[in-house]
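Here's the structure, in C-alpha cells; my notes come after.
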Protein chains: 2
Amino acid sequence: MRTLTTGLPDGFDAQALGQRVMDRCDSLAEHTDEPGRITRLFLSDATASVHAVLRRWMSEQGLAVRVDAAGNVIGHRSASPSLATTKTLVLGSHIDTVPGGGKYDGVLGVLIASAVIEALGSAVLPFHIDVVAFSEEEGVRFGLPYIGSRALAGSFDPAWLNRRDRDGVSLHGAIEHFGLDPDQIPKAALDPERFLGYTEVHLEQGPVLEHLKRPVGVVSGIQGQSRVRLRFEGDAAHAGTVPMDQRRDALVCAAKLAVEVQDYGRSVDELRATVGLFEVWPNVRNVVPGAVEMSLDVRHAQDEIRMAAVDALIETAERLSAADGVRFAVVEHQTQQATHVDGNLTAALVEALQASGVELTEMPSGAGHDAVAVADLGPVSMLFVRHPGGVSHHADERVWPDDVATAVEVMTRYVLGLADQCHEGTLRP
Amino acid sequence: MRTLTTGLPDGFDAQALGQRVMDRCDSLAEHTDEPGRITRLFLSDATASVHAVLRRWMSEQGLAVRVDAAGNVIGHRSASPSLATTKTLVLGSHIDTVPGGGKYDGVLGVLIASAVIEALGSAVLPFHIDVVAFSEEEGVRFGLPYIGSRALAGSFDPAWLNRRDRDGVSLHGAIEHFGLDPDQIPKAALDPERFLGYTEVHLEQGPVLEHLKRPVGVVSGIQGQSRVRLRFEGDAAHAGTVPMDQRRDALVCAAKLAVEVQDYGRSVDELRATVGLFEVWPNVRNVVPGAVEMSLDVRHAQDEIRMAAVDALIETAERLSAADGVRFAVVEHQTQQATHVDGNLTAALVEALQASGVELTEMPSGAGHDAVAVADLGPVSMLFVRHPGGVSHHADERVWPDDVATAVEVMTRYVLGLADQCHEGTLRP
C-alpha cells in the first residue's frame, strides 16, 4: 500500500492508529453476555460495561460524552468556536452483536471513528463531529433492528416500547432497567437542519473486496429487498403406484423455479436472487411431494431493477406451474426500499480513498446497516473494509490490521476533505 | 360389463357375491383400535375380534379353520379325496391396516378369496385351497412388514421376535399375549413341495386402472426399489452480500437434479423416479443454502432397468455438482429386488380375465404386497382392482361394487382354469 501523507495531520500514523483499533476491538470483545462467545444484546449487562469503557476512551480524547435515551453513546467534538457552525457530521456504527458474533461487526466502525478523532487532533474544522456507538442494530433482543439509529433519526415509533423480549421484558422496561428514560427517546432525534451527514465504516460481510484484493470499498447504495414466499400445490401421490405422467409433483415444479431464480440473478448486474428456504410436504421418501413453500429473496440497490426481477420470477413461476398442472400462489410479499447514499458525501469518500492510493471499488451493500435508518434524517455514506474468509456473524470474523489502517487514513482524509469543501463553499456547514 | 357364464359354477351370481364382499368390508371396518377411524395393528384387540368374525364366516363355508403361530387365519378347502392331490393353492391378503387406513386395503383380497370359495360350492378340484388372512403386511407396529406372509413362506427370522413396538412390547410378547406360541412360527411355513402358488387380489393403490377405465388388471411384476439418499454441500452464504457468481448454492444444484430425475423417469417405460424428501440447511430466507439432503426413490419391475436408472442419475448428480463447485455424496443406498410373477399363473389369470370380458391391462405393482414375501416360497400372481380417486391408506379409500363382482368372477374362472390345466396335465397338482 502506498501512503500519501499530503494533507494529513502532522504525525499521522495510520499503522499505529489501525493497530490501536485492532487492540480495542479485542478488548471490547471481552464484554459478553455469554462467556465463551461474543454476545451483546441491546442494553445488556455486557453493554453497560462496554459503555463505561467507551465513555472513558471518548473522554480521554476530549469528547463531550452523553448517552441518549435509546442507549446510544455519543462523543461530541465541537467545531472551532471561531466559525459560525451549526452542523454535525456523525460517524459511527453499532456495539450490539448477534449471539455468538464476531469482534468487528459494528464495533470496528465505532473505533475507526474514534481513531479519526485521534488523528484529527486539534485540527480546525468547520463542523461538529459526533462519534456514535449505536445501541442496537442486529434486532436480536426485540426482533426490531436499528433501535439506536432510528432514535437518532427521529423515526422511532413509541409503540415499539411495548415489544417484549423472550424473557417477557418490554423494550420500555429494558431501557428503564439500564437507568435511562424511554419517554425521552424523541429528544434523542437529531435536528435535520443541523445534520451534515452520517458516514459509517463497516465490515463488508461479503467476499467482494477479498476477491478483488482491495482493502476498502465505497458503498454505492444499500440494496432494497423483496422477501417473497411462494407456494406450489400439486397432488401428494404414492411414489411407486403413480406413473410419472399422472403426477403433479410440487417439488419438481418448485425446483425448476429455483434454477430459474439463479439464472435470472446471474443475468442482471449486481442482482442477488436467492431461494434460502424450501419446505416440502409431506417430505417423505416414498411420496410424490404434494406441496412446497419456498422463499424468494431478491436484492438490488435500484428498486426498479429489483421489482422487475420479482415480477419476472413470479411470472416464471406462473408459467412453470401452469405447464405442470400445479397450483401456485404468492403467500407473502414484503419489500424494503433501497437506501441511496448521498452523491456528494460519496464523491468525497471516493476522493479520500484515491488520495490514499487505494484502487476504487464501488459496490452495493447487500446487508442492512444503521445507515439505512439514519438515511431518514439526511445524507449518508459508507465505507466497507475487506472481510477475509467472509465468515460473518461468527467468532471467525476477521479483518487485516493493514486494511484497518487504510480505513483510518481514508476516513481522516474524508473528514478533512469535507472541511475543505466547507471552506471552498461547496458544502454548507 | 359383459358377463360370460360359460364354465362358471351353476347359479354363479357375480353381483350378489361382489355385494357380499362389499358388505363384509364394511363390517370388518368396524373393528378398529382407534374409534372414529380404521386402525388395526398386528395382533391388536381389534384384530382378535376380526379373527372371531373371519373364523365364523370361514367355518360357515365348510373350511377347516386354523390360526398359525404368526396370527394368520387360514381356512382350508380340501381337494376331492378321489384325486391324489398334495398341493395347495393359496388365496388371500392381509387384515392389518395403517393408522387411519381404509376399508379395502388387504381385507378386499381376503374377502374376495372367501367369495371364490362360496362360488366354487362343491366343485371338484384337484388341489387344496387355503384362504389366508395374513396378520401383518403394513409394518406399522414393529417397523417390520410381511410378518404373516414371511412366516408362511418360511423366511421369518426368529431374531425379529426381539423387536419392540413403541410401547416396549416385544414381537414375542405380542404373539404370546394373543394366545399364540411364537416359538411355533417355523411350523407355520408351508412346504414348497406342496405349494401350488399364491394369488392375491388387492386394491391398485394407484390411478392406472381408473385412467384406463378398466375394472381389474393383471400384475406383471412387483417393482424393485432403490432408496438412495444424496447430499450436496456448498457454502452457506449471506443472501445479500455474496454475488451470484461467488456462490456455491447447494439448493440450486439439488434442484437441477430433481428436475433431471423427473425427466429421466418420464423417458423410460414404467419407471418411477421420485424425489420425495428434500432437506435444506440452514433453511432460512436470507442465507444461500449450504447443504441439501434429498431422497431418490427409483422403482421398476426389471431390476437392471432400475439399476441403470440409479447409476445414470448418480452420474448426473456428479456432473451437476462438479459444474457448480458443490460437493456431492451418496450417503445411503438400499435396494430391494423386483418380485417376478409366475408366468403360468399369470397366463391363467389373463385367460380368466379375458373370459370375463374384461380388456386386458398388464401393469407393474409399485407398492409391496404379501406376494413379495410369499414369492420366496414359490409361484405368485396378483390381480388389481380399480381404485377410484386413488386415495390410499386413508378413510376415503373406495372400490366400485361392479369391479369387485368382476374380480370375483375373474378369480373364480382362474381357479377353475387351473383345475382344467391339472386335468389336462399342464399343471401338476
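The values are calculated or read from the model by the stated rules, or taken from the named source; none is laboratory data. All values reported here derive from a predicted model rather than from experimental measurement. With ideal geometry, Cβ positions are generated from the backbone for all residues, glycine too; neighbour counts draw on all protein chains shown. With ligands, DNA and RNA removed, areas are computed over all heavy atoms of the protein, side chains included. Shrake-Rupley method; radii C 1.70, N 1.55, O 1.52, S 1.80 Å.
Just one of the listed residues (A:Leu108, A:Leu125) is in a loop (DSSP other than H, G, I, E, B), under 22 Å from A:Val408 (Cβ atoms) and aliphatic (A, V, I, L, M), namely A:Leu125.
Yes/no matrix, rows are residues, columns are (1) farther than 30 Å from A:Glu409 by Cα; (2) open to solvent by less than 60 Å² (accessible area, probe 1.4 Å):
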residue: A:Pro158; (1), (2): yes, no
residue: A:Asp165; (1), (2): yes, yes
residue: A:Val169; (1), (2): yes, yes
residue: A:His172; (1), (2): yes, yes
residue: A:Glu210; (1), (2): no, no
residue: A:Gly221; (1), (2): no, yes
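Residue by residue through region B:337-371, note down the ones that are assigned to a strand (DSSP E or B) and within 13 Å of chain A (Cβ to nearest Cβ).
Selection gives B:Thr339, B:Met363, B:Pro364, B:Ser365.
Kindly indicate whether A:Gln334 is within 11 Å of chain B (Cβ to nearest Cβ), open to solvent by 10 Å² or more (accessible area, probe 1.4 Å) and over 22 Å from the mean Cα position of the chain (by Cα). Judged against the criteria, A:Gln334 is not a match.
Keeping to region B:234-260, report how many residues are farther than 16 Å from B:Asn286 by Cα, among the acidic types (Asp, Glu) and more than 7 Å from chain A (Cβ to nearest Cβ). Here the count works out to 1. Scanning region B:235-246 for residues that are in contact with a helix residue (DSSP H, G or I) (Cβ under 9 Å, 6 or more places away or on another chain) and either crowded, with 24+ Cβ neighbours inside 10 Å or of a type in the set (A, V, I, L, M, F, W, C) (or both) returns B:Ala236, B:Ala237, B:Thr241, B:Val242, B:Met244. A:Arg66 fulfils the conditions (1) touching a strand residue (DSSP E or B) at 6+ places or on another chain (Cβ under 9 Å); (2) open to solvent by less than 60 Å² (accessible area, probe 1.4 Å); (3) of a type in the set (Lys, Arg) except for a single criterion, (2). Among the residues of region B:17-63, those identified as open to solvent by 40 Å² or more (accessible area, probe 1.4 Å), part of a helix (DSSP H, G or I) and either in contact (Cβ under 8 Å) with a residue 40 or more places away in the chain or not assigned by TED's automatic domain parsing to the domain that holds B:Ser135 (or both) are B:Gln19, B:Arg20, B:Asp26, B:Ala48. Considered as a group, the residues in region B:277-298 that are in a strand (DSSP E or B) and touching a Pro at 6+ places or on another chain (Cβ under 8 Å) include one that is farthest from the other protein chains (Cβ to nearest Cβ), and that residue is B:Trp281.
Taking region B:405-429 as the range and being part of a helix (DSSP H, G or I) and without any contact (Cβ under 8 Å) to a residue 12 or more places away in the chain as the test, the residues that pass are B:Asp420, B:Glu424. Taking the criterion of being at the interface with another protein chain (Cβ under 8 Å from one of its Cβ atoms) and open to solvent by 60 Å² or more (accessible area, probe 1.4 Å), the residues of region B:261-270 that qualify are B:Arg266, B:Glu270.
Residues in region A:6-50 that are closer than 22 Å to A:Ala355 by Cβ and acidic (Asp, Glu) were compared, and the one that is nearest to the chain's Cα centre (by Cα) is A:Asp13.
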